[in-house]
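*Asks:* First, the structure itself, so that you have it in front of you.
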Amino acid sequence: MFHTYAAIGDSFTEGVGDELPDGSVRGWADFVAIGLARHAREPIGYANLAIRGRKLGPIVDEQLEAAIALRPEVISFNGGGNDMLRPRMPEERVAGRFRQAVHRIRDEGIHVLMLSGANPTEHLPLGRVFDARGVRLTEALRDLAELDGVTFVDNFNDVGLRDIRYWSPDKLHLNSLGHARVASNVLTALGVPVPPEWGVEEVAAAPPGARSRNTAAYYREFVLPWIGRRLTGRSSGDGRTAKRPALDPVEP
């Protein structure tokens, strides 16, 4: 049972796609914190240092030591998704940095919750290219799951999670249903009950959504602005800071 939890990563961990009415984002890591608090039957400390748009290098450089300094009992770690979307991906370097980060957390006596991201590639342009990269990166790191003090949650190979019902309109980020399913995967891996009112099982049992099509409007609204940021060296995370930089309490 964990009573302090810190999360590091990119938009997947920040919670982009699960927007609340006030404009803030929630996401699977927030759901996991709620599940841990309910299981403990008391408040837990939860920090989320993830920032959208970050590649793996900046996640490790900017977030890892800050998370370790909080001295949580468990750190969730995901990254590499933004690296996969670049024209070229230095796969060995990305895998090596990921591996070093996992060992760094373990060396501090902190449990590692290692996640692969959900797989959006069935709905994206050039999806087959990105899918192949994700497969290779996941397999290159799978041996880390056998280490003591590591829990691996393989969302990339959760086939049900690829259904369009779990994805936001940009088809790159999960929606609230998708984030709830990832949280369910995480809590199950940790041996923590999933709150039934989240409706994860009911949604999973429903018929799959219709196959999506990438229309001209989709390219105008989502793809072209993304390309524009790449060409100008900008990121969706520019100027942003962590939404929960300290281990603030989460009530059961």
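The values are calculated or read from the model by the stated rules, or taken from the named source; none is laboratory data. Since this is a predicted model, take the numbers as computed values, not measurements. No Cβ is skipped: glycine too gets one built from the backbone with ideal geometry, and neighbour counts run over all protein chains shown. These area figures cover heavy atoms from the full protein model, side chains too; ligands, DNA and RNA do not enter into them. Shrake-Rupley method; radii C 1.70, N 1.55, O 1.52, S 1.80 Å.
*Asks:* Taking the range 172-191 as the region of interest, how many residues are modelled with pLDDT of 95 or more and closer than 25 Å to Arg220 by Cα?
*Replies:* Total meeting the criteria: 5.
*Asks:* Turning to a different aspect of this structure: Only one of Val203, Val223 is under 30 Å from Ile75 (Cα atoms), assigned to a helix (DSSP H, G or I) and open to solvent by less than 90 Å² (accessible area, probe 1.4 Å); which?
*Replies:* Val203
*Asks:* Let me ask you something else. Do the conditions hold for Val60, that is, is it under 20 Å from Phe156 (Cβ atoms) and part of a helix (DSSP H, G or I)?
*Replies:* yes
*Asks:* So, Asp83, is that one charged (D, E, K, R), loosely packed, with under 15 Cβ neighbours inside 10 Å and assigned to a helix (DSSP H, G or I) or not?
*Replies:* no
*Asks:* Any idea how many residues of the range 2-53 are part of a loop (DSSP other than H, G, I, E, B), open to solvent by 30 Å² or more (accessible area, probe 1.4 Å) and either touching a residue at least 40 places away in the same chain (Cβ under 8 Å) or under 20 Å from Ser116 (Cβ atoms) (or both)?
*Replies:* Of the residues in that region, 8 qualify.
*Asks:* While we're looking at this one, here's another question. Every residue in the range 110-129 that is closer than 29 Å to Ile227 by Cα, open to solvent by 30 Å² or more (accessible area, probe 1.4 Å) and either in a helix (DSSP H, G or I) or in contact with a helix residue (DSSP H, G or I) (Cβ under 9 Å, 6 or more places away or on another chain) (or both), please.
*Replies:* Matches in the range 110-129: Glu122, Pro125, Arg128, Val129.
Residues checked against (1) on the phi > 0 side of the Ramachandran plot; (2) open to solvent by less than 60 Å² (accessible area, probe 1.4 Å); (3) in contact (Cβ under 8 Å) with a residue 24 or more places away in the chain:
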| position | (1), (2), (3) |
| --- | --- |
| Val192 | no, yes, yes |
| Pro195 | no, yes, yes |
| Ser212 | no, yes, yes |
| Thr215 | no, no, no |
| Ile227 | no, no, no |
| Gly233 | yes, no, no |
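*Asks:* If you don't mind, there's one more thing I want to ask. Go through the residues of the range 164-186 one by one and say whether even a single one is in a helix (DSSP H, G or I), over 23 Å from Gly53 (Cα atoms) and of a type in the set (A, V, I, L, M).
*Replies:* No, the conditions are met nowhere in the range 164-186.
*Asks:* Follow-up. Test Leu56 against the stated conditions and say whether it is touching a helix residue (DSSP H, G or I) at 6+ places or on another chain (Cβ under 9 Å), buried (at least 19 other Cβ atoms within 10 Å of the Cβ), over 30 Å from Pro195 (Cβ atoms) and not β-branched (Val, Ile, Thr).
*Replies:* Judged against the criteria, Leu56 is a match.
*Asks:* Further, regarding this structure: Looking at the range 88-96, can you tell me whether even one residue there is crowded, with 21+ Cβ neighbours inside 10 Å and either touching a strand residue (DSSP E or B) at 6+ places or on another chain (Cβ under 9 Å) or touching a residue at least 60 places away in the same chain (Cβ under 8 Å) (or both)?
*Replies:* No, because not a single residue in the range 88-96 is crowded, with 21+ Cβ neighbours inside 10 Å and either touching a strand residue (DSSP E or B) at 6+ places or on another chain (Cβ under 9 Å) or touching a residue at least 60 places away in the same chain (Cβ under 8 Å) (or both).
*Asks:* Among the residues of the range 40-68, how many are among the small types (Gly, Ala, Ser) and under 12 Å from Ile105 (Cβ atoms)?
*Replies:* Total satisfying the criteria: 1.
*Asks:* Which residues, counting only those in the range 138-156, are in a helix (DSSP H, G or I), in contact with a helix residue (DSSP H, G or I) (Cβ under 7 Å, 6 or more places away or on another chain) and open to solvent by less than 20 Å² (accessible area, probe 1.4 Å)?
*Replies:* Leu141, Leu144
*Asks:* Also: Would you confirm, using the coordinates I've provided, whether Ala242 is touching a helix residue (DSSP H, G or I) at 6+ places or on another chain (Cβ under 9 Å), among the small types (Gly, Ala, Ser), surrounded by 13 or more Cβ atoms within 10 Å (Cβ to Cβ) and more than 25 Å from Thr121 (Cβ to Cβ)?
*Replies:* Taking the combined requirement at face value, the residue satisfies it.
*Asks:* Now a separate question. Looking at the range 141-174 only, could you name the residues that are closer than 17 Å to Asn185 by Cα and of a type in the set (Val, Ile, Thr)?
*Replies:* Val150, Thr151, Val153, Val159
*Asks:* Further question on the same structure: Which ones in the range 193-208 are closer than 20 Å to Asp154 by Cα and under 19 Å from the mean Cα position of the chain (by Cα)?
*Replies:* Matches in the range 193-208: Val194, Val200.
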